[in-house]
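The values are calculated or read from the model by the stated rules, or taken from the named source; none is laboratory data. Everything quoted here is computed from the prediction, not taken from an experiment. Glycine gets a Cβ as well: all are built from the backbone with ideal geometry, and neighbour counts include every protein chain shown. Side chains are part of the model used for accessible areas, which takes the heavy atoms of the whole protein and leaves out ligands, DNA and RNA. Shrake-Rupley method; radii C 1.70, N 1.55, O 1.52, S 1.80 Å.
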Amino acid sequence: MIADDTLLGQEVRVKEAVKIWPAKVVEDHAVVHSNLVYAERWRTSAFEEGAVTGLTNLELTPEVAARLGAAYGTLLPPASTILTARDDHPASRMLRRAFVGGMSSTGVNVVDLGMLPVPVMRHKLEGFGEVGGVSFQQVQLVRGMTSIRFFDEHGLDISTSFAKSVERVFLREEFRRAQHQEIGVILRAPPPGGFLRRIVPEGARSRADAVTASAHRGGLRSRGRGGSAAALLADLGCDVVTLNAHTQGVHEAFLASEIAVAHRRLATIVTSLDADLGVWLYPNCERMVVADREQRIWSEMELAALMVAVVISAQLPPGEVVLPVYAPSTFRTALEAAGTGCGDALRAPRAHGGLPPARRHLRVRRRGDFIFPSLHHAPDAMFALGKLLELLARADRSFEDVATLAPPVPVARATVPCPIDRKGEVMRRFGERVQAAEVSYLEGIKVQLDGGWVLLRPTG
């Protein structure tokens, strides 16, 4: 049953007994397998960048989560084991339980890590024998949406081809059903350690007199030794003040305006306490923002510039800092002047290729999140904070002194709305216009001109 004012794309398949309410949009080649009532759009692909995201209890219901778990488990070896983790929201807990039921029906075992930041689970996947991991967390900047993220045995986002295979099994409902005696079991395990062993050599400790650590409810309590990130920072020799480390109650996702207010409050508190620095951890602990006693907020590329200055000041052995293609040229100039090599992020393979991890100091990703291959190959704000303090101790300089060495960030950004089906045409026409110039195609189209560059990059 298809109601009025509904737009169906090309070659859409609507399964029997499905009802589509008025004024809905179904994308081209989509397969509608359940009623479309509250959501405005039915997407062609369930996966985006290794995750399935949707409105809680409207698009992502327990029934959908159970079928998604069964589809994922069908593609894994019988009797294999995966990890699951979640944030503190009841919706994440509800969908995780439904997902685990579907996984167990295919004969796959599940180790429940409970409430745990994503980087910790990524680290455990790198060397403990599990074949994959799934994380359930609330989407930031909007409310009422949950994201189910999938990781491979190396702790990296699953490949596009594997995501398409899961989606194919999901749509066709070709699930593997285990025999009664082969149903998967659910186990519990403590969070992995290894954080401090990768941070500071024996005897080296941070110069920071005080660190104000702020997280969105629970990110500080669920990590590492004793379950507290504050304990880890204290072991690094810091005098720590923690904020928002509680997990009681139901807490909704931050909106963009609320995040900006939280950053300003952190900067004010750092100044009031005369602390050396403050850090605001995003809920998934993959990104952070740093504030200093001058109430300057270091985020995204400005924070990356600060990390470049810290790496230079620490005078590390010869190695490499891997930068995204849209990092300012000033970063590369500063690193090369200090004798530190530079690489392009897209030239570094997804996992362990390129330079050995021992020679790769830091990898800067988009939005100012950082990868330190000495621990694992995924963004980790908690480990990045620890390395920041370690490198400050190595340099034997204060945060303020090192901050003055941060290279400038002379980058202007603009976002242009563009329909998905026109992006290829826009990129092709732009490429035709700049053929005579020096062009790079690592991520989008990057044109060198007038001592600088212009990068046209399509978003996902």
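A few remarks follow.
- Filtering D396, D401, D421 for residues that are at positive phi and over 23 Å from the mean Cα position of the chain (by Cα) leaves a single hit, D396.
- Residues of the stretch 417-460 that are among the β-branched types (V, I, T) and modelled with pLDDT of 90 or more: V426, V434, V439, I445, V447, V454.
- Scoring R433 on the criteria (1) out of contact with any Phe, Trp or Tyr (no Cβ under 6 Å at 6 or more places or on another chain); (2) among the basic types (K, R); (3) within 30 Å of A51 (Cα to Cα) leaves a single failure, condition (3).
- Tally of residues being under 13 Å from D369 (Cα atoms), in a loop (DSSP other than H, G, I, E, B) and open to solvent by 10 Å² or more (accessible area, probe 1.4 Å) across the stretch 272-301: 5
- In the set (1) at pLDDT below 60; (2) basic (K, R); (3) within 26 Å of R413 (Cβ to Cβ), the condition left unmet by R359 is number (3).
- Residue list for the stretch 58-76, filter: at pLDDT 90 or above, assigned to a loop (DSSP other than H, G, I, E, B) and not hydroxyl-bearing (S, T, Y): L75, L76
- Qualifying positions in the stretch 401-457 - farther than 23 Å from F331 by Cα and either touching a Cys at 6+ places or on another chain (Cβ under 8 Å) or assigned to a strand (DSSP E or B) (or both): V426
- Taken over the stretch 388-402, residues that are in contact with a Phe, Trp or Tyr (Cβ under 8 Å, 6 or more places away or on another chain) and closer than 13 Å to V308 by Cβ amount to 0.
- Within the stretch 168-198, being modelled with pLDDT under 85, assigned to a loop (DSSP other than H, G, I, E, B) and open to solvent by less than 80 Å² (accessible area, probe 1.4 Å) holds for A189, P191, P192, G193, G194, F195.
- Condition met for E252 (modelled with pLDDT under 85 and of a type in the set (D, E)): yes
- When the stretch 19-38 is limited to residues that are loosely packed, with under 15 Cβ neighbours inside 10 Å and aliphatic (A, V, I, L, M), the one that is nearest to E173 (Cα to Cα) turns out to be V37.
- Subset tally (residues that are within 21 Å of the chain's Cα centre (by Cα), over 13 Å from V134 (Cβ atoms) and basic (K, R)) for the stretch 56-108: 1
- For the stretch 446-453, the count of residues that are open to solvent by less than 70 Å² (accessible area, probe 1.4 Å) and within 26 Å of the chain's Cα centre (by Cα) is at least one.
- Search result, residues across the stretch 308-318 that are farther than 13 Å from V364 by Cβ and either open to solvent by less than 10 Å² (accessible area, probe 1.4 Å) or assigned to a helix (DSSP H, G or I) (or both): I312, S313, A314
- Options A91, A85, A98, A71: the member that is among the hydrophobic types (A, V, I, L, M, F, W, C), open to solvent by less than 60 Å² (accessible area, probe 1.4 Å), over 18 Å from F170 (Cβ atoms) and touching a helix residue (DSSP H, G or I) at 6+ places or on another chain (Cβ under 6 Å): A85
- If only residues of the stretch 386-440 that are open to solvent by less than 100 Å² (accessible area, probe 1.4 Å) and among the polar types (S, T, N, Q) are counted, the one that is farthest from L303 (Cα to Cα) is S440.
- Residue count for the stretch 375-400 under the criterion of being closer than 21 Å to L116 by Cβ, of a type in the set (G, A, S) and in a loop (DSSP other than H, G, I, E, B): the result is 1.
- Test: residue in the stretch 30-44 that is in a loop (DSSP other than H, G, I, E, B), under 18 Å from A163 (Cβ atoms) and more than 27 Å from the chain's Cα centre (by Cα): yes
- In the stretch 109-167, residue farthest from the chain's Cα centre (by Cα) [restricted to those that are charged (D, E, K, R) and open to solvent by 40 Å² or more (accessible area, probe 1.4 Å)]: K164
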